[in-house]
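Comments concern the structure below.
The values are calculated or read from the model by the stated rules, or taken from the named source; none is laboratory data. Every value quoted in this text rests on a predicted model; they were computed, and no experiment measured them. Quick reminder, even Gly has a Cβ in these numbers, built from the backbone with ideal geometry, and neighbours come from all protein chains shown. SASA here: full protein model, heavy atoms, side chains in, ligands and nucleic acids out. Shrake-Rupley method; radii C 1.70, N 1.55, O 1.52, S 1.80 Å.
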Amino acid sequence: PIYRLYHGIPQIQALQARSSIQFLHQIPAYKPLGFRFGRSQSFDCHEVQLHLKTRTKMFCGCRADYFGAEPNTHTCPVCLGLPGALPVPNRVAVEHGLRLALALGAEVPERLVFHRKNYFYPDLPKNYQISQYDLPLGRGGSLPLGERRVRIKRLHLEEDAGKSLHLEGRTLLDLNRAGSPLIELVTEPDLKTPEEARLFLQRIQALVQTLGISDASPEEGKLRADVNVSVRRVGEPLGTKVEIKNLNSFKSVQRALEYEIRRQTEILRRGEKVKQATMGFEEGSGKTYPMRTKEEEADYRYFPEPDLPPVAIPRDWLEEVRRSLPELPWEKEARYRALGIKEKDAEVLAYTPSLARFLDQALPLGLASPQALANWLLADVAGLLHERGLRLEETRLSPEGLARLVGLFERGEVTSRVAKSLLPEVLEGQDPEALVRERGLKVVADEGALKALVAEAIAAMPEAAESVRQGKVKALDALVGQVMRKTRGQARPDLVRRLLLEALGVG
């Protein structure tokens with residue numbers, strides 16, 4: 001193909017990060033009826049690559065916020081690999097890496113050493129990538145996943161490549177992304193199912209967003225997943241790995257794994273061998289397809305980067321970074337549960353940074369209970385946001401505004417129906433208490449007034465009233481609805497039910 005600089009056509013979304021997940025899947029021993037899957041599975045997630053949130057690139061002063069920019073406008077001699085240009089490490093990127101290493105409990109070395117990873121691809125201007133090899137930024141550590149932990153083998157810093165657009169007979173290049181800072185994460189073989197793989201990536205996303213080191217948005221390519229799948233019979237050595245590239249969502253990761261496990265199982269059932277290859281994934285059909293053969297580690301010819309001396313990591317710097325760490329998602333989850341929030345609700349809130357930040361601002365106000373706030377955030381607010389296609393931070397909803405609305409409902413000053421009807425206006429910044437006051441929406445709790453309305457409802461619906469007298473309590477709902485309509489939904493339903501049963505002589 002003819003390689004040309006990418007100019008003059010609409011911008012492609014640059015893929016700002018990649019990840020690779022390797023799955024070592026065990027199959028029970030062969031039986032006459034063929035293979036079948038059991039629960040003895042071993043999965044290994046590795047090379048999780050995250051685009052770091054920095055102002056400049058990893059080794060030069062070019063802007064790193066290139067997403068949506070004109071092609072080839074965020075480049076310089078360093079990230080283009082021109083002769084005589086020398087790299088300089090980005091201190092903020094190193095500090096971001098240290099934050100993640102410390103959050104995961106990894107061991108950090110006293111110095112940082114960079115290596116060259118050599119390979120040729122059109123969007124890699126230098127024909128090598130500055131990465132790390134035998135002395136990474138962090139070793140060990142773990143990430144909580146349910147009742148157990150996924151062990152982290154290593155994490156290191158590196159630079160990203162550019163972006164290729166393959167057209168008929170030619171390839172166009174956008175090098176804005178070349179040199180952008182990435183973190184690569186490698187785990188031990190602790191994942192057991194494709195569902196766990198998806199959850200693990202979501203947990204990593206929540207962690208780095210909480211730390212403020214990456215947006216980790218798959219939709220913008222800031223977290224990418226390339227998955228490796230290996231199938232074997234129980235008791236046999238690990239099988240041949242097959243890599244699946246360019247997965248652009250957590251759902252795609254799970255679907256690609258499920259299909260590839262089935263494909264390799266069928267190959268082994270026929271008595272054939274799985275061939276090592278790099279595969280693509282077709283979203284429409286849900287199937288993988290071959291792209292190219294896979295390189296081995298030796299093909300990359302790692303050696304220390306001669307233009308970058310080792311970077312010292314003083315212990316006082318490391319401790320300063322440690323002290324700056326925020327409350328981590330699993331720590332938030334434990335705190336929420338201690339406040340009385342249900343286990344599942346606490347988990348979802350803690351691992352959704354935008355909701356956790358909002359809840360943490362609402363709780364100290366003391367205007368509503370923790371569980372009530374959790375219920376409204378996860379149900380009513382989330383539903384309204386989904387309906388409008390908005391994120392929480394794109395609205396004018398304030399923690400105080402929601403807490404006041406939920407507090408009105410909890411204290412019985414407004415009904416659930418009234419509170420939910422006011423939520424759209426509160427989402428736009430309106431004061432819920434002022435709305436209730438101006439519109440006269442407070443709960444009707446005057447029993448004398450309600451008894452008159454109850455009598456009117458019984459007279460208007462004699463058949464329903466008689467059904468209730470005969471023990472068909474379900475018919476009471478029609479009478480309650482009649483009274484609620486007359487009060488515009490402002491009467492307490494439990495009070496209306498009690499007054500109706502008393503008027504009908506039903507105990």
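So, of the residues in region 334-362 that are among the hydroxyl-bearing types (S, T, Y) and assigned to a loop (DSSP other than H, G, I, E, B), which turns out to be farthest from E147 (Cα to Cα)?
Going residue by residue through region 334-362, those that are among the hydroxyl-bearing types (S, T, Y) are 336, 351-352, 354.
Then keep just the ones that are assigned to a loop (DSSP other than H, G, I, E, B); that gives 351-352.
Values: Y351: 15, T352: 19 Å.
So, considering only residues that are among the hydroxyl-bearing types (S, T, Y) and assigned to a loop (DSSP other than H, G, I, E, B), the one farthest from E147 (Cα to Cα) is T352.
Any residue at all in region 339-351 that is within 18 Å of the chain's Cα centre (by Cα), under 30 Å from L137 (Cβ atoms) and surrounded by fewer than 21 Cβ atoms within 10 Å (Cβ to Cβ)?
Yes, some residue in region 339-351 is within 18 Å of the chain's Cα centre (by Cα), under 30 Å from L137 (Cβ atoms) and surrounded by fewer than 21 Cβ atoms within 10 Å (Cβ to Cβ).
From the residues in region 458-501 that are acidic (D, E) and surrounded by fewer than 13 Cβ atoms within 10 Å (Cβ to Cβ), which one is nearest to the chain's Cα centre (by Cα)? Spell out the reasoning first.
The initial filter retains those residues of region 458-501 that are acidic (D, E), namely 463, 466, 477, 494.
Next, from what is left, pick out any that are surrounded by fewer than 13 Cβ atoms within 10 Å (Cβ to Cβ): 463, 494.
Working: E463: 54, D494: 40 Å.
Only one residue tops the list, namely D494.
Among the residues of region 192-211, are any of a type in the set (G, A, S) and closer than 30 Å to N72 by Cβ? I'd like the intermediate steps shown before the answer.
Quick first cut of region 192-211, residues of a type in the set (G, A, S) only: 197, 206.
Going one step further and asking which of them are closer than 30 Å to N72 by Cβ, we end up with none.
No: region 192-211 contains no residue that is of a type in the set (G, A, S) and closer than 30 Å to N72 by Cβ.
Against the conditions (1) hydrophobic (A, V, I, L, M, F, W, C); (2) closer than 14 Å to T487 by Cα; (3) under 41 Å from the mean Cα position of the chain (by Cα), where does A452 fall short? Just the number, please.
(3)
Pick from region 308-333 the residues that are within 30 Å of G84 (Cβ to Cβ) and part of a loop (DSSP other than H, G, I, E, B): which of them is most open to solvent (accessible area, probe 1.4 Å)? Outline the logic, then answer.
Step one: filter region 308-333 for residues within 30 Å of G84 (Cβ to Cβ), giving 308-313.
Okay, now just the ones that are also part of a loop (DSSP other than H, G, I, E, B), so 308-310, 313.
Numbers: L308: 14, P309: 92, P310: 75, I313: 5 Å².
Looking at residues that are within 30 Å of G84 (Cβ to Cβ) and part of a loop (DSSP other than H, G, I, E, B), I get P309.
Given the criterion more than 25 Å from A161 (Cα to Cα), open to solvent by less than 10 Å² (accessible area, probe 1.4 Å) and among the β-branched types (V, I, T), identify the matching residue among V231, V227.
Values: V227 fails: more than 25 Å from A161 (Cα to Cα).
Only one candidate passes the filter, namely V231.
Examine region 427-441 for a residue that is within 28 Å of P364 (Cβ to Cβ), at pLDDT below 85 and over 37 Å from the mean Cα position of the chain (by Cα), and state whether such a residue exists.
yes
Give all pairs with beta carbons closer than 8 Å in which a residue from region 369-398 that is under 17 Å from K420 (Cβ atoms) meets a residue that is among the polar types (S, T, N, Q); count only pairs at least 6 apart in sequence or on separate chains.
Taking only residues 6 or more apart or on different chains, the pairs are L385/T395.
Counting just the residues of region 104-148 that are charged (D, E, K, R) and surrounded by 15 or more Cβ atoms within 10 Å (Cβ to Cβ), which one comes out modelled with the lowest pLDDT?
Here is the first cut: in region 104-148, the ones charged (D, E, K, R) are 107, 110-111, 116-117, 123, 126, 134, 139, 147-148.
Applying the additional criterion that residues be surrounded by 15 or more Cβ atoms within 10 Å (Cβ to Cβ) yields 116-117, 123, 126, 139.
Numbers: R116: 96, K117: 94, D123: 88, K126: 92, R139: 96.
Per the stated criteria, the residue is D123.
Could you check L155 against (1) part of a strand (DSSP E or B); (2) over 27 Å from P310 (Cα atoms); (3) free of Cβ contacts under 8 Å to residues at least 60 places away in the same chain and say which number it fails?
(2)
Within region 379-393, how many residues are under 18 Å from T210 (Cβ atoms) and not in a loop (DSSP other than H, G, I, E, B)? Step through it out loud before you land on a result.
Taking region 379-393 and keeping what is under 18 Å from T210 (Cβ atoms), we get 391-393.
Narrowing the set further to residues that are not in a loop (DSSP other than H, G, I, E, B) leaves 392-393.
Number of matching residues: 2.
Does V311 qualify as being under 23 Å from I213 (Cβ atoms), modelled with pLDDT under 95 and of a type in the set (A, V, I, L, M)? Don't jump to the end; show me each part of the working.
Working: under 23 Å from I213 (Cβ atoms): yes; modelled with pLDDT under 95: yes; of a type in the set (A, V, I, L, M): yes.
So V311 passes the test.
Restricting to region 273-289, count the residues that are part of a strand (DSSP E or B) and more than 29 Å from the chain's Cα centre (by Cα).
The number of residues fulfilling the criteria is 0.
Rundown of residues vs (1) touching a residue at least 12 places away in the same chain (Cβ under 8 Å); (2) at positive phi, yes/no style:
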residue: S467; (1), (2): no, no
residue: K472; (1), (2): no, no
residue: A478; (1), (2): yes, no
residue: Q482; (1), (2): yes, no
residue: R485; (1), (2): no, no
residue: R492; (1), (2): yes, no
residue: R497; (1), (2): yes, no
residue: G505; (1), (2): yes, yes
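Which one of the conditions (1) polar (S, T, N, Q); (2) within 30 Å of V208 (Cβ to Cβ); (3) touching a Leu at 6+ places or on another chain (Cβ under 9 Å) does T415 fail to meet, given that it meets all the rest?
Going through the list (1) polar (S, T, N, Q); (2) within 30 Å of V208 (Cβ to Cβ); (3) touching a Leu at 6+ places or on another chain (Cβ under 9 Å), T415 breaks only (2).
Here are some residues: E297, E258, E283. Which one is of a type in the set (D, E, K, R), surrounded by fewer than 16 Cβ atoms within 10 Å (Cβ to Cβ) and without any contact (Cβ under 8 Å) to a residue 12 or more places away in the chain? Show your work before the answer.
Details: E258 fails: without any contact (Cβ under 8 Å) to a residue 12 or more places away in the chain; E283 fails: without any contact (Cβ under 8 Å) to a residue 12 or more places away in the chain.
Selected residue: E297, the only one of E297, E258, E283 that is of a type in the set (D, E, K, R), surrounded by fewer than 16 Cβ atoms within 10 Å (Cβ to Cβ) and without any contact (Cβ under 8 Å) to a residue 12 or more places away in the chain.
Which residues, taken from region 180-202, are part of a strand (DSSP E or B) and buried (at least 24 other Cβ atoms within 10 Å of the Cβ)? If you could, list the steps in order and put the result at the bottom.
Of the residues in region 180-202, the ones part of a strand (DSSP E or B) are 181-187, 191.
If the condition is that a residue be part of a strand (DSSP E or B) and buried (at least 24 other Cβ atoms within 10 Å of the Cβ), then P181, L182, I183, L185, T187, L191 are the ones that fit.
Kindly list, by first and then second residue, each pair from a residue in region 217-241 that is more than 15 Å from Q49 (Cα to Cα) to a residue that is of a type in the set (F, W, Y), limited to pairs with Cβ atoms under 7 Å and residues at least 6 apart or on different chains.
What qualifies is V229/F23; S230/F23; R233/Y30.
For region 170-179, does any single residue satisfy the condition of being more than 25 Å from A69 (Cα to Cα), touching a His at 6+ places or on another chain (Cβ under 6 Å) and crowded, with 24+ Cβ neighbours inside 10 Å?
no
Could you look through region 199-237, keep only residues that are more than 18 Å from R255 (Cβ to Cβ) and among the basic types (K, R), and pick out the one that is farthest from the chain's Cα centre (by Cα)?
Across region 199-237, the extreme among qualifying residues is R233.
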